[in-house]
Amino acid sequence: MADTIIISTSSLAFRLNGKDAFIFSLFYNYFMLLDFLFPPRCYGCHHSGSYFCSACLKKLTPLSLDPFPPPPLAGRLSLFKYNTGVRLCLVDFKYQFVSHLSLQLSDIICHQLIVNFPNLLSFWQDEQFCLVPIPLHPFRQNWRGFNQSHLLGQLISATLGFHFCPQVLTRSRLHPPQVKLSPRHRIKNPQNTFQLTTQPPSANIILFDDVYTTGATIRSAACTLPQTSHIWAFTVAA
C-alpha cells in the first residue's frame, strides 16, 4: 500500500499520508458508492447530480471580510450567508449525519478562498497559520459520530497547506445546542467551555467552525488560547 495518495475532487486536489491516506481512501470510496446508489440532489434547485450544481454555486455570493471583530480576534471571515441552500446543507450535515457532504463542501470552501480571497489566503499560508477546529463535547461527538468542523477542517488544511491541529482544544462542558437558544442565551451558553490541551505549534491560528451566529463560541475558544496568539475566525456561514 502506498504511503501517500492524492485525492482529486471536482476542481481541487490534496495529499494525505500514511494512516490518514488509508482511512480516507476507504471513506472516499464508500461515499462515492453512496452517491452512485443514491444520487445527491442540489440544495438550490433540487436537480440530481450534486449537492450544489454549477448554476446554484454561482448564486452563492461570498460575504465580506470583517477586519475589526471584537477582541481577542484579529479578523473574521464567514464565506456565505446562512440562507436556504447553505442552511439546509449544514443542517443535513450535522443533524441528519450526512457526513460525506464534507467532500463537496470543502471543495466549495477552498475554491471560494482561492478565487475571492487570494490575499488573505496568501497571508495565512505565508505566515504559517495553523487551523484549529472548534471541538465538540465527547458526548455529542460520540452521539453524532463525527465533528463536522474537524472533517471540513482536515480536508481544507490538506488542500491549502495549513497545519491541522485538532488536539489543541477540548470541550469540557456540555451545553444545549446553540441553534435551540435565544440570542441572549447563545451569548452566555459557551462561556468557560474550552480547555487548552496542548500548545499550538504557531502563534498564528485560524479557529474554524461551521456557523458564526453571535460569535460567542468562537470568542470563548479564542480566549482559551495563549494571549500572544494572532487569531482569525473562519466559518462556512454566518
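Given the criterion of a type in the set (S, T, Y) and over 20 Å from R219 (Cβ atoms), identify the matching residue among S149, S78, S122. Let's see the steps before the verdict.
Working: S149 fails: over 20 Å from R219 (Cβ atoms); S78 fails: over 20 Å from R219 (Cβ atoms).
So the residue among S149, S78, S122 that is of a type in the set (S, T, Y) and over 20 Å from R219 (Cβ atoms) is S122.
Can you find, within the range 190-201, the residue that is modelled with the lowest pLDDT among those that are surrounded by fewer than 16 Cβ atoms within 10 Å (Cβ to Cβ) and assigned to a loop (DSSP other than H, G, I, E, B)? Break it down stepwise before answering.
Filtering the range 190-201 for residues surrounded by fewer than 16 Cβ atoms within 10 Å (Cβ to Cβ) gives 191-192, 195-199, 201.
Subset that is assigned to a loop (DSSP other than H, G, I, E, B): 191-192, 197-199, 201.
Details: Q191: 65, N192: 74, T197: 97, T198: 96, Q199: 96, P201: 96.
So, considering only residues that are surrounded by fewer than 16 Cβ atoms within 10 Å (Cβ to Cβ) and assigned to a loop (DSSP other than H, G, I, E, B), the one modelled with the lowest pLDDT is Q191.
Mind checking which pairs have a first residue in the range 79-97 that is under 18 Å from S64 (Cα atoms) and a second that is part of a helix (DSSP H, G or I), Cβ under 7 Å, 6 or more apart or different chains?
Pairs found: L79/I109; L79/Q112; F80/V86.
Just the residues that are of a type outside the set (F, W, Y), assigned to a strand (DSSP E or B) and farther than 26 Å from T224 by Cβ, please, taken from the range 39-85. Steps first, please.
The initial filter retains those residues of the range 39-85 that are of a type outside the set (F, W, Y), namely 39-42, 44-50, 53-67, 69-79, 81, 83-85.
With the extra rule that they be assigned to a strand (DSSP E or B), the set shrinks to 41, 48, 66, 73-79.
Answer for the range 39-85, where residues must be of a type outside the set (F, W, Y), assigned to a strand (DSSP E or B) and farther than 26 Å from T224 by Cβ: R41, S48.
Take the range 87-103 and flag every residue that is part of a helix (DSSP H, G or I) and touching a helix residue (DSSP H, G or I) at 6+ places or on another chain (Cβ under 9 Å).
The first filter runs over the range 87-103 and keeps only residues part of a helix (DSSP H, G or I), leaving 87-95, 101-103.
Result: C89, L90, V91, D92, F93, K94, Y95, L101, S102, L103.
Please go through the range 215-228 and pick out each residue that is in a loop (DSSP other than H, G, I, E, B) and buried (at least 17 other Cβ atoms within 10 Å of the Cβ).
Taking the range 215-228 and keeping what is in a loop (DSSP other than H, G, I, E, B), we get 215, 225-228.
Selection gives G215, L225.
Got a number for residues in the range 111-169 being in a loop (DSSP other than H, G, I, E, B) and either out of contact with any Pro (no Cβ under 8 Å at 6 or more places or on another chain) or at positive phi (or both)? Reasoning before the result, please.
If we filter the range 111-169 for residues that are in a loop (DSSP other than H, G, I, E, B), which is where we start, we get 117, 127-129, 134-137, 145-147, 161-162, 165-168.
From the residues that got through so far, the ones that are either out of contact with any Pro (no Cβ under 8 Å at 6 or more places or on another chain) or at positive phi (or both) too are 127-129, 134, 136-137, 145-146, 161-162, 167.
Total meeting the criteria: 11.
The values are calculated or read from the model by the stated rules, or taken from the named source; none is laboratory data. Since we're looking at a predicted model, the values are computed, not measured. Please note: Cβ atoms are built from the backbone with ideal geometry, for glycine as well, and neighbour counts cover all protein chains shown.
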